[in-house]
Structure formats: C-alpha cells, structure tokens
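The next block holds one structure in the form of structure tokens; read it before the comments.
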Amino acid sequence: MSEQLLTEVDFADGFSKPNPIAAVKNILSAENQRLIRRFDPNRSAADLLREKAKVIDNLLSASWRHFLKEASATQALIATGGYGRSELFPHSDIDILIILDQSYADNIQDDLSGFSNFLWDIGLKPGLRTCFINECTAFASQDQTIFTSLLEMRLIIGNRSLFEQLKQQIDNTQLWSSERFFLAKMDEQEQRYSKFHETAYNLEPNIKEGPGGLRDIQVIGWVFKHHYHAQSLSELIKYGFLPKTEYDNLVASRDILWRLRFALHTLTNRSEDRLLFDYQRDLACLFGFVTTQGQPDVEQFMQFFFRTVVDIERLNEMLLQLLNERLISNKETLAPVPMTAHFSSIAGYLEVSNEDVFQNRPLALLEIFLLLQQAPSLKGIRASTIRLIRKSLPLIDDAFRHDPGANRLFIEILRQPRGITHQLKRMNRYGVLAAYLPDFANIVARMQYDLFHIYTVDEHTLFVIRNLRRFALDKHSRELPFCNNIFLLIPKPDVLYIAALFHDIAKGRGGDHSELGEQLAHEFCRQHQLSGHDGKIITWLVRNHLLMSMTAQRKDISDPDVIHHFALQVGSIEYLNYLYLLTVADIRATNPSLWNTWKDALLKELYIATHRALHRGLHNPVERSERIQENRKETTNELLKLGLSQTVIQQSWQHLSDDYFLRYSADEIAWHTIAIAASTEAELPLVLLRPQTQRGSAEIFVYTRNEAQIFSISTATMDHLGLTILDARIITTEDQYVLNSFQILEQSGEAINDLHREVHICNSLRQNLIAKKTKTSKNIHKQSRQAKHFPINTCVTFLDDPTSKHTIIEIITTDRAGLLSTIGRAFTELDIQLHDAKITTIGSRAEDMFYVTDQNDQAITGEQDKQRIRTTIMRFLSDQD
C-alpha cells in the first residue's frame, strides 16, 4: 500500500466489498502499521498524532455517510477530548459526540445504531454520547469532566450550525466561570496526585495520569484556554505566563512523553500508559540507551524520564499559581506585603524584593525556605521567584557550600518545628538541594531496578524524612503510637533527619553504600560544625541503618545471646531509640506493601528486648537458663489459674527440650499446652490457628508424630491456600512428636479475620497431613507480574551458628509458589532435620535461613556433606523453575 494518508474515499471503498467489516478493518490496520513504521523515537511524534486523528476523521466520515445517508448533513458528528485536540496515539480512546437535530432524530435511530455497532465491529471501541444541544449543555453544567471534554471539540462531519450553537453555549462563562472551573480542576489534580501517593517517582510510573505526566500539561491548557479562549498553548507567551525558553522546555517535555506513549502503545499493542517493567528494557534500547560503566541502560532511561517529569511538575506548579493570581485573586491580595528586607508576600506567595536579590545575597537561596517554615500562612514561592531561583543555581558553588552562614541556615531548616519535609521536597524540585549537596545530585531521579525499592533514591530519602516527621506530630499518632512515644525521647530530631538524608546517598557509586555514606556524612558533620557526639550518632546510623532490620528478620530474637550481641552493637539506649525510628521510617518509605503488622511487632519485640538488656547492663546479660526458668514459671502460673493441674502440666512438658522454652513466649507455651493436654493420640494430627498473636500475625500450630515431609506438606498446603509464611519454628520432642508453628498472613499482607477461612485452613492442612500429600489443585499463591523481570541466581550458603548446635543454611533465590515446600522435600531426601526457619522475602527476593542437624541432632560440619546438601537443594529448585 502507498505511504500516502488514506482518504475518506479509501474507507468508503471498503463498504462496497462483500465483507465491509473485514475490509475496513484491514484498511485501518494497514494504516496503523504505516504510522508505526514512520515512528522515530528520536523525532517528534506530533505529526503522527495528527495523522492518526485525520485517518479516524476520514474513517468516521465515510461510515457516517454510509449509515446516515441523506441525514448525515442534518446531524453533527463531533470529536471531543484528546481526539478533539487531534492527539491520537495508536490505541487511544476515540471520544465522539453526536448532536441531534430534533426535527430528524426520531427517524434515524436505526441508522445511528448501525453506525455505532459498525465502529465496535471494526475494533474502534468508541466513547460515544448522543444527545440534543440542551441535554449536552445540561450535562456539561453539572459535570466538569464533560465540560472539559467539550472545550476542545471540533466538527468531524455534519451540521455545522448545530456544532456552532453548542460551541457558543459551552463558551458561555455562565456555564462554568473561570474561577469555578479552575477550582474544580485543582481539586481533580489533588485527587489524582493522591492516587499516585503524591509522586511520579516509582517503579512503574503512569506517563499520562501520574504527577508530572501529560495530564499536568493538559490541566494547564484547559484552564488557560477556557479563560482566554485561546487556540494554542503558545499563547501562554502572549499573555505573559511563560518566556519563550520555558515554553520551549514545556513543549520539549511534552514531546518526550508523546514519544514514550506512542512507543508504549506500539510495544504493548494496547492503550497502555504505564511504564511497565515488561517494556522498560525494550524502551531503553529503542531510545538509544546503552549500559556503560556499570550503569544499566534501563536505569539511565528511567532517570531520563524522571528528569522530564520534574520539569513538567515545576512548570505545572508555576503556571497554576499564575493562573490562580489572574483568575481568583483580587487587587488587594496582589499588593506586596513586606516580610523581610529581601522578600515580600503576594497573595500568600514569596516574591523577591528585586531581581538582584540572589545575585547580591546568595544566602537568600536558603533563607527563602527557612522563611516559608517560619511563616506557616505562606503558601509557597511565587512563580517569578521560582524562575529566578532556577536561574541563580550556579551561585551555589564550593564557596557557597563552605560558607558558615549557608551551613548554619541549612541546619536551621532541619531544626524547625514545622515544614521540614515540604521545604526539602521544594528544594529538591527547584534543584537547590542537589546544588547544595552535590552527593545528593547523584541520587536525584536514580531508580533502583528491583522490586524492593519502588521509588527513586531521592524520593525514598524524602519519604523517610516525612515518616520521621510524622512520629513527631499528634495528628499521625494513631498510625504508630509506639514510634511517637519513642520520638519524645529523642533529644535532637535533626540528628535523625540528617542520618536519613545520608543513609542512601551513596547508592549507585559501587561498593557498600552504608560505608561510603558514612564517610560522606562524616564530612558533612565536620563542615557544618556539629558536635562530636551528634556527628558520631549520625555516622553510626548511616553505617548501621540496616542492622536492626536484618537482625529482626534473619536472627532468632527469642535467643538471649542474639539480643546481647545486638545490644553490644548498639551500645546505648540513645542509639537504640534513633536506630529503631530510622528503621521503621526506612522500611515504610521503601515500599508501602512491605510494611505489615508482623514487621511492626517483630521490630518492637527486638526494641523492647534490647532496651531491657541495655537497661540491665551489658556486663550482666540474661543467661539462657534464666530466660528458660522465667518462661516455665510464668506459664505454669498462668495454666494453674486456668485450671490445669501441676501433674497435667508436667506430663505435657516432660519430653520437651530447653530450646522450646527459650524460643516460645509464655503466652504461646500456654496455648500449646492446653491444646496438647486436651488431645488424644487418635485425634492427631492436631492443627490449630490463632488469628492474632503478639507478633501481629496469625499462628498455625501443628502437633503430631514426627514423620517425613511434615514441613513440606504444611508449607505446600499454606502456599496453595494463598498464605504468606513469615516464620517457622520446629520443635521435636524426645519421644518423637513435633510441635511446629507457622506465623502467617494473607498473601495481601492482611490478617486472617474470617472464621470460615480459619476453619478451612485448619481442615485442609489436617487432611493433607493425614493423607501424607497435598491435593493437586490450582495454586492461588501468585507471583507478581514484575517478579519475572528480576531473576535472582540461587545461592546456598552455610553460616556459622554461634551456639554450634545447628548448621545454618541460607538460601537466596527468586520467590515463587511452592518454594518452601520444595526446600522441605529436599531436606527429606537429604535425611536432615529442620529445627527452625527464618523466612525473609524482599520484593521478589527470598532470603531464607534454615537451622538443621543430622538425624542424630548433630551439626553438619563435613565439607562433603555440605556440598551434597548444596547440590541437592540446587537440583530441587532448578527442577521447580
């Protein structure tokens, strides 16, 4: 087929074919392929979008004439929304409006149905509305989204008089005044931003709807065009909203997003606006990014995208502020109100007193943010001053960074009682933070290509500081009241904020980012003349910011020796308080889905145990025998109160090892004892479930005779039921019974709160243990779509056990359905006993630790035995892939 644009005649010819639907569908498909062939990721896609719209115009015109015949001239077929703007991507929605002439409407209903059905039959999926002019204006007056779609409507074919009548009514300011429409679009944008957690800087951003996306530019256009009846965004220059350089920047940023969206539609063969993992590498290659010096092509590509987004966000902020001044503010509010010698307030926004403020006093580049904190009635910085800040960034040079005045101002910003997060985010958006901290510039818009971190490093860092600030505010005290209470014990919150600012600042440099970050933090503290005490805390926190998380998730925190070792590393209650708050804030800012009641309870348990150890004194650690004796005594007293006799208690415990009383709390031991005492041999296996435990999760307890594959069957059953296993503890008695407990949550991370669900879980597990196999059924444990893009090489490592009682096997691999069950089957074949399991899943990465012995309860130390274990586990996991 010729590369010429198809005309209405070409489509009309399709209706003469024996199968018009197939004929027109083929013509349209060929035309789409022609446009796709012409797409060049390095050139503007504007012409292609207009050509696509023209092709659809010709198709609709031919179809309109074919189905409505003589009536095609009496009714109006109108393009609305993006189609009205002539911005059509390969799989964009086709929004059309049919305005009816009342004189003919009753006679053409069948023709209109034929027209609509045909569009669906050829795969166009139109968004179609049919109404009279008065109905359309009534709808538009009640719904700003309908009104918005009509702002850029254009006639495709038909009755121009009807179209002009409708346009005149839509242009009537009485329908939606400029002020009312502006406020409605601001509310809509606020809701849209909230949907994306106020950030575009995540793993799979939406290039149309997300903050800084195409919708941000469209909002500016709608408000501007409605008030000024402008035909193009270029008139922003005419009305003094933007200088030509900034307008060109806006158009260039829009063009980048247009090219990305066009490519996405082409790659996915659908209307897809999310930069999904599935296509990020293909897009990186398409747009010419190549892996260099250890920086993957996809990370470079995403950094390119995020830098585009931040430009659009900033321009959106500036233009909407200026529109607010023009459309809403009155002359009185626009009168400057002096704030300092260098700044005035205009309509609540800070404005420089003259154009030379920053040139004459560079420190004002920091003072302006401090002033915003100290005057909470201020809304922000005026657009003209934002523009001047951007222009003045070169003033923040080495001399500026080492100026004691600048250093004092920066620390003062971090010590304010309010506005810290807002101003740091604003400083980042305007480029001031990266200019003042060049090391921070390295992490701006830097994406970590994994499933653990879903935000860019700079955005994650600012989220950590936001979370820490929330611990200080009463209005957020219900979220994590324990953290709010600990925060009250912090003598210097700014120490915590500085540690948060530096904890990931060395990401992307190669090497251990904690060690490198410690060095950068040390230099910052020295330059800013912080006290030796504060500097030591900050650098220690940066170096050890992962310590508490890793201890809680990877070690047995019921063991007094583990607690004592951790307490030795922390050293003091002051350091513990800082570390605990930073750990919680860090996890919650990494990925919202990673935080759950289990992690909350686990970290709290570690904090309390460590606090007790530090309070008791590191020279006087809790002995294992002391902890065992305490648990036995506390549980006995509780059981006696509940009516169990001393004899029954002793009978239930007579074959249990000391390890059992060390690894379980008194509450858990009491629950187990009551269940065991009430059961008979015929009732085994005993399977019980507690929906809520002290650790914030449900607990499944299994008591039965020791047999092979109990662990494997149990984990396979839970996996089939869509449960997430957080922790597993396995105890084997001297008379060969097992007491297995599993801490679980729903796969969604939620607690199990349904009684029928609890009963179903217990019955399913008991039946499978009796049958000694799991039923073949569809596994509802789903691996995320993104996980397949992060394959993790399986690694089996043997770690030292401080007690020398067990062999610790660490298995790192890709998380998948049936993983624990597969490992359990490998253990069965190897004839080794499992005593404990620490289950850690970070995104798509499983980092599980298993405490095992041979059948004689001896640690496995031989290198040949270890190699056999490693080979067997690798074989089982390889077979599962």
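The values are calculated or read from the model by the stated rules, or taken from the named source; none is laboratory data. As the structure is a prediction and not an experimental result, all values here were calculated from the model. When we count neighbours, we look across all protein chains shown, and the Cβ atoms used for this are built from the backbone with ideal geometry, even at glycine. Please note that ligands, DNA and RNA were not included when accessible areas were found on the heavy atoms of the full protein model with its side chains. Shrake-Rupley method; radii C 1.70, N 1.55, O 1.52, S 1.80 Å.
From the residues in segment 768-817 that are among the basic types (Lys, Arg) and at pLDDT 70 or above, which one is least open to solvent (accessible area, probe 1.4 Å)? Before you say what the answer is, go through the steps one by one.
Pass one, segment 768-817, residues among the basic types (Lys, Arg): 772-773, 775, 778, 782, 785, 788, 805, 816.
Subset that is at pLDDT 70 or above: 772-773, 775, 805, 816.
Working: 772: 115, 773: 132, 775: 132, 805: 81, 816: 32 Å².
Going through the qualifying residues, I end up with 816.
Mind checking whether some residue in segment 110-122 is more than 17 Å from residue 57 (Cα to Cα) and outside any helix (DSSP H, G or I)?
The answer is no, given that none of the residues of segment 110-122 is more than 17 Å from residue 57 (Cα to Cα) and outside any helix (DSSP H, G or I).
Please go through segment 595-608 and give me each residue that is open to solvent by 20 Å² or more (accessible area, probe 1.4 Å) and not in a loop (DSSP other than H, G, I, E, B), ordered by number. Talk me through it step by step, then tell me what you get.
First, pick out the residues of segment 595-608 that are open to solvent by 20 Å² or more (accessible area, probe 1.4 Å): 595-597, 599-600, 604-605, 608.
597, 599, 600, 604, 605, 608 - these are the residues of segment 595-608 that are open to solvent by 20 Å² or more (accessible area, probe 1.4 Å) and not in a loop (DSSP other than H, G, I, E, B).
Restricting attention to segment 612-639, report how many residues are exposed (fewer than 13 other Cβ atoms within 10 Å of the Cβ) and assigned to a helix (DSSP H, G or I). Quick ask: steps written out before the conclusion?
Applying the first criterion (exposed (fewer than 13 other Cβ atoms within 10 Å of the Cβ)) to segment 612-639 yields 612, 615, 617, 619-620, 623, 625-626, 633, 637.
Now drop any that are not assigned to a helix (DSSP H, G or I), which leaves 612, 615, 625-626, 633, 637.
Residues flagged as exposed (fewer than 13 other Cβ atoms within 10 Å of the Cβ) and assigned to a helix (DSSP H, G or I) within segment 612-639 amount to 6.
Could you please give the count of residues in segment 178-229 that are closer than 19 Å to residue 309 by Cβ, of a type in the set (Ser, Thr, Tyr) and in contact with a helix residue (DSSP H, G or I) (Cβ under 7 Å, 6 or more places away or on another chain)?
Total satisfying the criteria: 2.
Which helices (runs of 4 or more DSSP H) does segment 276-379 wholly contain that include 1 or more residues that are open to solvent by 30 Å² or more (accessible area, probe 1.4 Å) and closer than 30 Å to residue 219 by Cβ?
Fully inside segment 276-379 and qualifying: 277-286, 297-327.
From (1) at pLDDT below 95; (2) over 25 Å from residue 65 (Cβ atoms); (3) not in a loop (DSSP other than H, G, I, E, B), pick out the condition that doesn't hold for residue 197.
(3)
Cβ-Cβ below 6 Å, separation at least six or inter-chain, first residue in segment 396-420 and within 20 Å of residue 376 (Cβ to Cβ), second open to solvent by less than 20 Å² (accessible area, probe 1.4 Å) and acidic (Asp, Glu): which pairs?
From segment 396-420, the pairs are 414/494; 415/494.
Just wondering, is there one or more residues in segment 583-593 that are open to solvent by 60 Å² or more (accessible area, probe 1.4 Å), over 18 Å from residue 486 (Cα atoms), assigned to a helix (DSSP H, G or I) and of a type in the set (D, E, K, R)?
From segment 583-593, those open to solvent by 60 Å² or more (accessible area, probe 1.4 Å) are 588, 592-593; that's our starting set.
Checking which are over 18 Å from residue 486 (Cα atoms) leaves us with 592-593.
If we keep only those that are assigned to a helix (DSSP H, G or I) as well, we get 592-593.
With the extra rule that they be of a type in the set (D, E, K, R), the set shrinks to none.
Taking every residue of segment 583-593 in turn, none turns out to be open to solvent by 60 Å² or more (accessible area, probe 1.4 Å), over 18 Å from residue 486 (Cα atoms), assigned to a helix (DSSP H, G or I) and of a type in the set (D, E, K, R).
State whether the residues of segment 385-398 include one that is modelled with pLDDT of 95 or more, surrounded by 19 or more Cβ atoms within 10 Å (Cβ to Cβ) and either farther than 21 Å from residue 340 by Cβ or aromatic (Phe, Trp, Tyr) (or both).
no
Kindly indicate whether residue 41 is on the phi < 0 side of the Ramachandran plot, open to solvent by less than 30 Å² (accessible area, probe 1.4 Å) and not in a helix (DSSP H, G or I). Walk me through how you get there before you give the answer.
Numbers: on the phi < 0 side of the Ramachandran plot: yes; open to solvent by less than 30 Å² (accessible area, probe 1.4 Å): yes; not in a helix (DSSP H, G or I): yes.
Judged against the criteria, residue 41 is a match.
So residue 227 ticks every box in (1) open to solvent by 40 Å² or more (accessible area, probe 1.4 Å); (2) under 34 Å from the mean Cα position of the chain (by Cα); (3) farther than 17 Å from residue 212 by Cα; (4) not aliphatic (A, V, I, L, M) but one. Which box is left unticked?
For residue 227, the exception is condition (2).
How about segment 408-418: which of its residues are in contact with a helix residue (DSSP H, G or I) (Cβ under 8 Å, 6 or more places away or on another chain) and either surrounded by fewer than 17 Cβ atoms within 10 Å (Cβ to Cβ) or at pLDDT below 95 (or both)?
Those that are in contact with a helix residue (DSSP H, G or I) (Cβ under 8 Å, 6 or more places away or on another chain) and either surrounded by fewer than 17 Cβ atoms within 10 Å (Cβ to Cβ) or at pLDDT below 95 (or both): 411, 412, 415, 416, 418.
Can you find even one residue in segment 650-658 that is within 25 Å of residue 553 (Cα to Cα), touching a residue at least 60 places away in the same chain (Cβ under 8 Å) and open to solvent by 20 Å² or more (accessible area, probe 1.4 Å)? Walk me through how you get there before you give the answer.
Residues of segment 650-658 that are within 25 Å of residue 553 (Cα to Cα), as a first pass: 657-658.
Keeping just the survivors that are touching a residue at least 60 places away in the same chain (Cβ under 8 Å) gives 657.
Narrowing further to those that are open to solvent by 20 Å² or more (accessible area, probe 1.4 Å): 657.
Yes, because at least one residue in segment 650-658 is within 25 Å of residue 553 (Cα to Cα), touching a residue at least 60 places away in the same chain (Cβ under 8 Å) and open to solvent by 20 Å² or more (accessible area, probe 1.4 Å).
Of all residues being open to solvent by less than 30 Å² (accessible area, probe 1.4 Å) and aliphatic (A, V, I, L, M) in segment 133-145, which is nearest to residue 184 (Cα to Cα)? Just the residue, please. Outline the logic, then answer.
Going residue by residue through segment 133-145, those that are open to solvent by less than 30 Å² (accessible area, probe 1.4 Å) are 133, 136-137, 140, 144.
The next check asks that each one be aliphatic (A, V, I, L, M); those that pass are 133, 140.
Details: 133: 23, 140: 13 Å.
Only one residue tops the list, namely 140.
Those residues that are hydroxyl-bearing (Ser, Thr, Tyr) and within 35 Å of the chain's Cα centre (by Cα), I need them from segment 803-848; list them, please.
Passing the criteria: 813, 814, 821, 822, 840, 841, 844.
Do we find a residue being open to solvent by 40 Å² or more (accessible area, probe 1.4 Å) and over 40 Å from the mean Cα position of the chain (by Cα) anywhere in segment 87-103?
yes
Could you tell me which of the residues 628, 608 is β-branched (Val, Ile, Thr) and within 30 Å of residue 748 (Cα to Cα)?
608
Name the single residue, out of those in segment 618-633 being touching a Pro at 6+ places or on another chain (Cβ under 9 Å) and within 23 Å of residue 650 (Cβ to Cβ), that is modelled with the lowest pLDDT.
624
Note down all Cβ pairs under 6 Å where the first residue falls in segment 11-22 and is among the charged types (D, E, K, R), the second is at pLDDT 90 or above, and they're at least six residues apart or on different chains.
These pairs meet every condition: 17/23.
So, in segment 661-686, how many residues would count as being assigned to a helix (DSSP H, G or I) and open to solvent by less than 30 Å² (accessible area, probe 1.4 Å)?
11
Out of everything in segment 69-86 that is among the charged types (D, E, K, R) and either on the phi > 0 side of the Ramachandran plot or within 50 Å of the chain's Cα centre (by Cα) (or both), what residue ends up being modelled with the lowest pLDDT? Explain how you work it out, then say what you get.
Kept after step one, since they are among the charged types (D, E, K, R), are these residues of segment 69-86: 69-70, 85.
Now narrow it down to the ones that are either on the phi > 0 side of the Ramachandran plot or within 50 Å of the chain's Cα centre (by Cα) (or both): 69, 85.
Working: 69: 91, 85: 95.
Among residues in segment 69-86 that are among the charged types (D, E, K, R) and either on the phi > 0 side of the Ramachandran plot or within 50 Å of the chain's Cα centre (by Cα) (or both), the one modelled with the lowest pLDDT is 69.
Among 452, 440, 463, which is the only one that is open to solvent by 30 Å² or more (accessible area, probe 1.4 Å) and among the aromatic types (Phe, Trp, Tyr)?
Working: 440 fails: open to solvent by 30 Å² or more (accessible area, probe 1.4 Å); 463 fails: open to solvent by 30 Å² or more (accessible area, probe 1.4 Å).
The unique qualifying residue is 452.
Out of all the residues in segment 656-675, which are among the hydrophobic types (A, V, I, L, M, F, W, C) and in contact with a strand residue (DSSP E or B) (Cβ under 6 Å, 6 or more places away or on another chain)?
Across segment 656-675, the qualifying residue is only 675.
Could you count how many residues in segment 561-582 are of a type outside the set (Phe, Trp, Tyr), closer than 19 Å to residue 498 by Cα and either without any contact (Cβ under 8 Å) to a residue 40 or more places away in the chain or not in a helix (DSSP H, G or I) (or both)?
The qualifying residues number 2.
Under 9 Å between Cβ atoms, which residue pairs at least 6 apart in sequence (or on different chains) link something in segment 282-305 that is more than 23 Å from residue 212 (Cα to Cα) and in contact (Cβ under 8 Å) with a residue 24 or more places away in the chain with a partner that is in a helix (DSSP H, G or I) and open to solvent by 50 Å² or more (accessible area, probe 1.4 Å)?
296/281
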